[in-house]
1. Say R0 is 22 Å: what FRET efficiency, to the nearest 0.05, do residue 69 and residue 34 get from their beta-carbon distance?
2. Over the C-alpha atoms of the chain, what are the Rg and the largest Cα-to-Cα span, Dmax, in Å?
3. Given Cα pairs under 8 Å that are at least 6 residues apart, what percent is the relative contact order of the chain?
4. What is the antiparallel percent of DSSP beta bridges lying wholly in the chain, to the nearest 5?
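Only the coordinates and a few stated rules stand behind these numbers; no lab work does. Source: prediction; values computed, not measured. Note that each Cβ is placed from the backbone with ideal geometry, even for glycine, and that neighbours are counted across all protein chains shown.
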């Protein structure tokens, strides 16, 4: 995508189906977000250095989120992951 930056996507009213703090130093936020279209789809999202948001969001809350897509790899398994840039609980 050089010389352009990665596209930033916006998702509104995304239901949170799971949330936890991850990382060796517990600095990152990992979330499972429910798709709002047809069929049950769960999207995995990671927010690096966003662990301070954990106390503001609960399971089944709805959030507005700005993100970009990244290819994640863990233990040799590759998958598409949502990288959280900004999030806001909309209660």
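1. Once the sixth-power term is evaluated, E becomes 0.80.
2. Calculated on Cα positions, Rg and Dmax stand at 13.2, 39 Å.
3. Numbers: 190 pairs, mean separation 26.4, N = 91.
After rounding, I find 29 percent.
4. Numbers: 29 of 31 bridges.
Antiparallel bridges: around 95 percent, rounded to the nearest 5.
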